[in-house]
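Undergrad: Before I ask anything, let me first share the structure, which is written out below as structure tokens.
The values are calculated or read from the model by the stated rules, or taken from the named source; none is laboratory data. Quantities reported herein were computed from a predicted structural model and do not represent experimental measurements. In this analysis, Cβ positions are derived from the backbone assuming ideal geometry, glycine residues included, and neighbour counts consider all displayed protein chains. All accessible areas refer to the heavy atoms of the entire protein, side chains included, with ligands and DNA or RNA removed. Shrake-Rupley method; radii C 1.70, N 1.55, O 1.52, S 1.80 Å.
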Amino acid sequence: MGTGYTLTASATGPATGTSTAFNITAGTAATLVFTVQPTSTVAGGSITPAVEVTARDANGNTATGFTGSVTLAIGTNAGGGTLSGADRSRP
């Protein structure tokens, strides 16, 4: 992603042409991925490093415009544990 890209066309004979500048941005969020996986910890302890989830577009780019809420839950929970923590959203 970025700004100010141009394309150049060239061939044998005619003069080279250059496009006007354009920008490339990420698409809308299509999936959530764990960019920092959870690690084992003791009951009552913190998971270190902190778990991180990132919204990605259909091409795998970070969906920088995503502002939705993300909820984490324990999937397999035979012991009846709870999950708590603080929102560490990035702007």
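Undergrad: How large a share of the accessible area of the chain, in percent, is made up of carbon and sulfur atoms when the probe is 1.4 Å and the other protein chains stay in place?
TA: Of all accessible area on the chain, carbon and sulfur atoms account for 52 percent.
Undergrad: Continuing with the same structure: If the label point is 7 Å along Cα→Cβ of residue 30, which residues in segment 44-86 have backbone nitrogen under 12 Å from it?
TA: Counting backbone N atoms under 12 Å from the label point, the list is 56-63.
Undergrad: If you stretched the chain out fully between residue 43 and residue 8, how much longer would it get, using 0.36 nm times the residue separation minus the C-alpha to C-alpha distance?
TA: In short, 6.7 nm is gained.
Undergrad: Also: Quick one: accessible surface of residue 10, probe radius 1.4 Å, all protein chains present, in square angstrom to the nearest 10.
TA: Per-residue accessible area (residue 10): approximately 100 Å².
Undergrad: Now for a different question. Which label marks the calculated value of percent of Cα pairs over 23 Å apart, given the options (i) 50; (ii) 31; (iii) 23?
TA: The value matching this structure is (i).
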